[in-house]
Amino acid sequence: MVQDIFELINKEKNRQNNTIELIASENFVSKNILKAQGSVLTNKYAEGVPYKRYYGGCEIIDEIETRAIEDAKKLFEVKYANVQPHSGSAANMAVYRALLKPKDKVLSMKLEAGGHLSHGSSMSFSGMDYEFHSYNVDKETNMLNYNDIRRLALKVKPKLIIAGASSYPRKIDFEEFRKIADEVGAYLMVDMAHIAGLVAAGLHQNPCKYADVVTSTTHKTLRGPRGGIILTNDSILIGKINKAVFPGIQGGPLEHVIAAKAVCFEEAMNLDFIKYQKQIIKNAKVLCDVLKMEGFKIVTNGTDNHLLLVDTKKSIGMTGKEAENVLEKIGITCNKNMIPYDPTTPYITSGIRLGTPAMTTRGFSEKDFVEVGKIISLSLKNSENKQIQEELKIRVSNLLKKYPLYEEGDLHE
Ligand code: DSN
């Protein structure tokens, strides 16, 4: 029955309201984004690009998609944008198809060092279709070592180098990557999915200045709807990219999502958005400091961005999987995560990844993240003590009560 679905949606709304959300790639969108994404635009087919469609009745859709493209270009100071990719992986796939032939060589960041599945994992289309080689982070510092990457690039001679990560807590120097790519005659693609909000706010180097192509999702720090975008300054590449997206890998664009992307870009141009992004970083630093004070080992010993990686195995002898489960029981959601040189598997892991974008949206400031850090520490160190876990559940609930998220009637009931 349809009603069951709406009951489940409502339950999920309650779960989001009643949980401290620390998954670094998640966020809470505005009501305007929810409204655009839940709109009648879902009814429309619009294969093609604005003003060159394969269906009639696209005159309004053309205006909406053009608006999204123009806003994306303005926000990231770039000449061309494709806003149609259904996801970050689809954006990456389209770029590979635009730039590469099957089996071409690509150099990207190792998954357990912080990379992404679509950057060449053997389990993903990327690793199956192209010959990926990977660079690691430094064994001592766990940070990117540009000399090592350069040496590897000279050896591999890739056609494409990918910069960008899913769990790297430090700034990435895209200018250095550009120099390496130029030296070996490779294209440079930056996947800025995690840090797109920080880039939009001017708090991280803008990869559009250095890369041939930049891909991103719109739903992480950027706080938009779930989806992808592709940006470039190259007038020839944009043609190839547009063709790779449609008809290459996708059919009809999701125009309701594209409208929501336009809302997201508008929101990101607001001064409040810069304040929000600054607070994300402040909160991540505080959470990191508290956990360090509590004796936890943090990968790279700190963070420059919205996330941190806790080495739970070295800190308290707990796998990431166990830590994720313990925290989930007291109302804190995070994800187990491989750490550099992790001897375990992605399903077990030696650590957890904690991100501050979602709870910063909700209104958490530094003092709240001090409390979050203390709760996490107590919970993980006393995982067998039921009474302490019960007390911590109450502390989680008290924190959440101060910052309501979606109210009754905000969403489909
Ligand atoms: N890898 C996911 C994450 O960062 O959570 C996104 O694809």
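The values are calculated or read from the model by the stated rules, or taken from the named source; none is laboratory data. Since we're looking at a predicted model, the values are computed, not measured. Positions of Cβ are generated from backbone atoms using ideal geometry, with glycine treated the same way; all protein chains shown enter the neighbour counts. Side chains are part of the model used for accessible areas, which takes the heavy atoms of the whole protein and leaves out ligands, DNA and RNA. Shrake-Rupley method; radii C 1.70, N 1.55, O 1.52, S 1.80 Å.
The table below gives the values:
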{"item": "Relative packing of peptides 315-327, 76-88 - highest average C-beta neighbours within 10 Å first", "result": "76-88, 315-327"}
{"item": "Antiparallel %, DSSP beta bridges [both residues in the chain], to 5", "result": "55"}
{"item": "Ranked by how many other beta carbons lie within 10 Å on average, peptides 356-369, 8-21, 25-38 from highest", "result": "356-369, 25-38, 8-21"}
{"item": "For region 124-201: rounded, prolate or oblate by the Cα gyration tensor [a/c cutoff 1.5]", "result": "rounded"}
{"item": "Shape of region 33-105, Cα gyration tensor, a/c cut at 1.5", "result": "prolate"}
{"item": "Residues with amide H under 5 Å from that of LEU188, placed H, sequence gap 5 or more", "result": "ILE161, ASP212, VAL213"}
{"item": "Accessible area (Å², 1.4 Å probe, nearest 10) - LEU117", "result": "90"}
{"item": "Residues whose placed amide H lies under 5 Å from that of ALA165, excluding near-sequence neighbours", "result": "HIS194"}
{"item": "Most to least packed among 227-233, 266-272 [average Cβ atoms within 10 Å]", "result": "227-233, 266-272"}
{"item": "3J(HN,Hα) from dihedral phi, region 23-34, Karplus parametrisation 6.51/-1.76/1.60, rounded to Hz, x for glycine, proline", "result": "6, 5, 9, 10, 7, 10, 7, 6, 5, 5, 5, 4"}
{"item": "Gyration tensor verdict on region 75-219 (Cα atoms; rounded if a/c is under 1.5, prolate if a/b is larger than b/c, oblate otherwise)", "result": "rounded"}
{"item": "Chain lengthening between GLN387 and LYS209 when straightened (0.36 nm per residue, less Cα-Cα)", "result": "58.7 nm"}
{"item": "PHE132 long-range amide H proximity, modeled H, under 5 Å", "result": "VAL106"}
{"item": "Separation between Cα centres of region 1-75 and region 297-357, rounded to whole Å", "result": "31"}
{"item": "Helix-derived mean residue ellipticity, 222 nm - over the chain, DSSP H n ≥ 4, -39500 (n - 2.57), to 500", "result": "-13500 deg cm²/dmol"}
{"item": "Per-residue SASA entry for MET189, accessible area with 1.4 Å probe, Å² rounded to 10", "result": "0"}
{"item": "Label point at LYS275 placed 7 Å out along Cα→Cβ; residues across region 344-367 whose backbone nitrogen lies under 19 Å", "result": "357-367"}
